[in-house]
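Okay, structure first, notes after.
The values are calculated or read from the model by the stated rules, or taken from the named source; none is laboratory data. Keep in mind it's a predicted model, so treat the numbers as computed, not measured. So basically every Cβ, Gly included, is an ideal-geometry build from the backbone, and we count neighbours across all protein chains shown.
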Amino acid sequence: MFKTLQWEDWVGIALGVCLLASPLVLGFSDHSAATMNALIMGTILVLEELLDVYIREAAEEWIDIIAGLWLIVSPIVLGFTSLMPAAVSTAAIGLLTVLFAAWALSPLDETIRHWWHDHMPSH
């Protein structure tokens, strides 16, 4: 049910947890659209990283890219651009989600992973 987590999974979990906490921490829990968006998308980011959903790693990163793109545009689509803490945090987490997923899909990530495996002592 649970998978072995890679660095990009841990980043996705951290971003999801930040998104889940943002309504309370940043004080916009009284705005229903922004709060529901943060709770739903934060849950998706965390669960998608934790659960072994029997999809290839590349497909998982594409799901992250789609989720991140939604987070970037959701303040506009859901109408909370004037609520700065919600809009900025949501878009920033979306941007980071896209960037880290794109990095994980890049050939450089695989090169670094192989180098790390070959040069670091195993436990």
Restricting attention to the stretch 22-54, and to residues there that are hydrophobic (A, V, I, L, M, F, W, C) and under 9 Å from the mean Cα position of the chain (by Cα), which single residue is modelled with the highest pLDDT?
41
Only one of 73, 46 that is of a type in the set (Val, Ile, Thr), surrounded by fewer than 14 Cβ atoms within 10 Å (Cβ to Cβ) and in a helix (DSSP H, G or I):
73
Kindly list the number of the only condition in (1) surrounded by fewer than 12 Cβ atoms within 10 Å (Cβ to Cβ); (2) modelled with pLDDT of 85 or more that fails for residue 19.
(1)
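Taking the stretch 8-42 on its own, how many of its residues are touching a residue at least 60 places away in the same chain (Cβ under 8 Å) and of a type outside the set (D, E, K, R)?
First pass over the stretch 8-42, keeping only residues touching a residue at least 60 places away in the same chain (Cβ under 8 Å): 8, 11-12, 15, 18-19, 22-23, 26.
In the following step, the residues that additionally are of a type outside the set (D, E, K, R) were identified as 11-12, 15, 18-19, 22-23, 26.
Qualifying residue count for the region: 8.
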